[in-house]
Amino acid sequence: MTEMTASVTAARPPSDITKRSLPASLIIHALLIAASLLMLYPLLWMVSASVRPENEIFSSTSLIPSSIDLSSYARGWVGLDVSFGRFFWNSLVISLLVVTGNVIACSLTAFAFARLRFAGRNFWFAIMLGTLMIPYHVTLIPQYVLFLNLGWVNTILPLVVPKFLASDAFFIFLMVQFFRGIPRELDEAAMMDGCSAWRIYWKIMLPLSLPVLATAAIFSFIWTWDDFFGPLIYLNDMNTYTIQLGLRTFVDSTSASDWGGLFAMSTLTLVPVFFFFLFFQRLLIEGIATTGMKR
């Protein structure tokens, strides 16, 4: 009986199976497209509002403006006491320094925890993991007092220097788990050839760790670029503002708010994040492919 059923199924034309699954496939794709449009609607509305006339921004929920007005971009770029290009530059410098610090310091720390043997390694690794459970606001006041006594307030140093000291335990844990997946035989072969721990890290671990390094770089850049609380605490001079603080200046509860300029500059702030993600996404895919071949 089973053989007869299998023969009938095999003899059935593929077109019948395709016709039966086509309606279900269309329904699933329609639902996915509707959900995607629902999630993208706020972003698309913001882009549309950035090119609307000022008096039409909140008068319609349509994504198609009645007329195109690009004056919001020009007004938002130079409408403040400091050019918005200054905010872009400040955010870019801070974000790139944070990415560099996290990738270098966290990878070195992760390599020590994953590959080197030293006294108290498990204890210090547990302490490092424990810092993940400490809320940022608990350490905010002691850190601020420390940076204030060092004279670093109103500079980018409090936002950058801790990253070069491996202060992000999340990335350390992520890299430790990745390093542990690389065969130790590579280390042993390199040591037999006379390689030091530094050369093993630089010549073997880093080239094989492009996926996790790219992941750390992506998250570091996006989190720093979108950070509002940190710059709000440590940056007081408008010339040192990041884009998030710059966007906040467009909205004033005591006077008129420039909503057109706010939406225009908000749209522009998404461009660096978009291209940074695309660049490192390609690097991430290539790193996974080459790593699989090397292993």
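The values are calculated or read from the model by the stated rules, or taken from the named source; none is laboratory data. In this text the structure is predicted, and so the values were computed from the model without any measurement. A quick note on method: Cβ atoms are made from the backbone with ideal geometry, for glycine too, and the neighbour counts reach across all protein chains shown. Side chains are part of the model used for accessible areas, which takes the heavy atoms of the whole protein and leaves out ligands, DNA and RNA. Shrake-Rupley method; radii C 1.70, N 1.55, O 1.52, S 1.80 Å.
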Task: Conditions (1) part of a helix (DSSP H, G or I); (2) open to solvent by 50 Å² or more (accessible area, probe 1.4 Å); number of the one not met by M205 - done: (2)
Open item on the list: Within the stretch 197-231, take every residue that is among the β-branched types (V, I, T) and under 20 Å from L96 (Cα atoms) and give me the one that is modelled with the highest pLDDT.
Closed with: T224
Open item on the list: When you scan the stretch 232-247, do you find a residue that is at pLDDT 85 or above, within 14 Å of the chain's Cα centre (by Cα) and surrounded by fewer than 20 Cβ atoms within 10 Å (Cβ to Cβ), even just one?
Closed with: no
Task: Search result, residues across the stretch 48-75 that are under 12 Å from F263 (Cβ atoms), open to solvent by 60 Å² or more (accessible area, probe 1.4 Å) and in a helix (DSSP H, G or I) - done: E54, R75
TODO: Would you check if there is a residue in the stretch 102-109 being farther than 26 Å from T215 by Cα and hydrophobic (A, V, I, L, M, F, W, C)?
DONE: no
Task: Residues satisfying the stated conditions in the stretch 76-88, i.e. open to solvent by 90 Å² or more (accessible area, probe 1.4 Å), touching a residue at least 40 places away in the same chain (Cβ under 8 Å) and within 16 Å of L268 (Cβ to Cβ) - done: W77, R86
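Taking the options L26, L43, name whichever one is at pLDDT 85 or above and within 28 Å of the chain's Cα centre (by Cα). Full working, then the answer.
Working: L26 fails: within 28 Å of the chain's Cα centre (by Cα).
Going through L26, L43 in turn, the sole match is L43.
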